[in-house]
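The values are calculated or read from the model by the stated rules, or taken from the named source; none is laboratory data. Bear in mind the structure is a predicted one, so any value in this text is a computation, not a measurement. Every residue, glycine as well, gets a Cβ built from its backbone with ideal geometry; the counts of neighbours run over all protein chains shown. For accessibility, only protein heavy atoms count, side chains too; no ligands or nucleic acids. Shrake-Rupley method; radii C 1.70, N 1.55, O 1.52, S 1.80 Å.
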Amino acid sequence: KLQTIAECGIYAPNALNRQNWAVRIVDDKAFINGATDIFRRLNPEMVAADANFKNMFRNAAALICVAVPDVAYAQVDAGLMGENMMLAAHSLGLGTCCLGSSARELTDNAAYKEYLDRLNLPNGFHLVYILAVGYPDVVPPVKERDRSKIQFVR
């Protein structure tokens, strides 16, 4: 299922078909648990605040890590790819959560260097988000959206 999800992602539209992204699938419990051990040590207050805390990736069983280079439109392309992957996961009965904060945690703190290195990202690429993937415990209700954000220009 993870391979199918990633393949749906790479078929997202992207600027000039440059495919400026790198996708890394992590389904290794040792990776997830090891990074989480560091997170527990560095962020005890955040762990304590979440009674359901199992890991730093919203309790996901697997991760899809997305990195891009610093070139025009790469982040837009990565966003389109992420939406494709989230929809594909949903169609397969899986839940996802897009985690910018976890990507930033791995990237900005030297304590996670071993885990960031294991992603084997190409030179010049940086992690922009991580999709937490797993079977959801609950399906939350859809939150209301502000329709006033939509306007027609005439």
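Checking every one of the trypsin sites (Lys or Arg not before Pro) in the stretch 1-62 against DSSP loop status and a limit of 16 other Cβ atoms within 10 Å picks out 1, 18, 54. Loop-located chymotrypsin sites (Phe, Trp or Tyr not before Pro) across the stretch 1-45 with a Cβ neighbour count of 16 or fewer within 10 Å are 11, with loop assigned by DSSP.
A straight line joining the Cα centroids of the stretch 42-61 and the stretch 65-82 runs 27 Å. Computed from the C-beta positions of residue 18 and residue 107 and an R0 of 25 Å, the FRET efficiency is 0.65 to the nearest 0.05. Per residue, the convex hull spanned by the alpha carbons of the stretch 76-154 comes to 178 Å³.
Computed 3J(HN,Hα) for the stretch 72-84, one whole-Hz value per residue from the Karplus formula 6.51 cos²θ - 1.76 cosθ + 1.60 where θ = phi - 60°, is 3, 6, 4, 5, 5, 4, 5, x, 4, 4, x, 5, 4, glycine and proline marked x.
Cross-link partners of residue 143 among lysines, defined as those whose alpha carbon lies under 29 angstrom from its own and excluding same-chain residues fewer than eight positions apart: 1, 54. For residue 128, the residues whose modelled amide H falls within less than 5 Å of its own, excluding neighbours fewer than 5 places apart on the same chain, are 66, 67, 68. For residue 29, the aspartates and glutamates whose Cα falls under 16 Å of its own Cα, not counting residues fewer than eight places away in the same chain, are 37, 114. Relative contact order, whole percent, for the chain stands at 31, derived from Cα pairs under 8 Å and 6 or more residues apart.
Charge dipole of the stretch 2-154 (Cα centre as origin; +1 on each Lys and Arg Cβ, -1 on each Asp and Glu Cβ, all else neutral): 340 debye, rounded to the nearest 20.
With each label modelled as a point 7 angstrom along the Cα→C-beta vector, the residue 143-residue 76 pair spans 2.6 nm. In this label model, residue 43 and residue 123 are separated by 3.2 nm, measuring between points 7 Å along each Cα→Cβ vector.
Largest accessible area first, the residues 50, 77, 108, 70 order themselves as 70, 108, 50, 77 under a 1.4 Å probe with ligands, DNA and RNA left out.
When the surface is traced with a 1.4 Å probe over the full set of protein chains, residue 36 keeps roughly 0 Å² accessible.
Computed from the C-beta positions of residue 29 and residue 154, the FRET efficiency with R₀ = 41 Å rounds to 0.15.
Computed with every protein chain present, the accessible area of residue 25 is close to 70 Å² [probe 1.4 Å].
Calculated mean residue ellipticity, 222 nm, the chain: -12000 deg cm²/dmol, from DSSP H runs (n ≥ 4) at -39500 (n - 2.57) each, averaged per residue and rounded to 500. With the whole protein complex present, residue 73 retains an accessible surface near 150 Å², based on a 1.4 Å probe.
P(r) tail, the chain: Cα-Cα pairs separated by more than 21 Å, 49% of all pairs. The alpha-carbon positions of the stretch 91-132 define a convex hull whose volume is 95 Å³ per residue.
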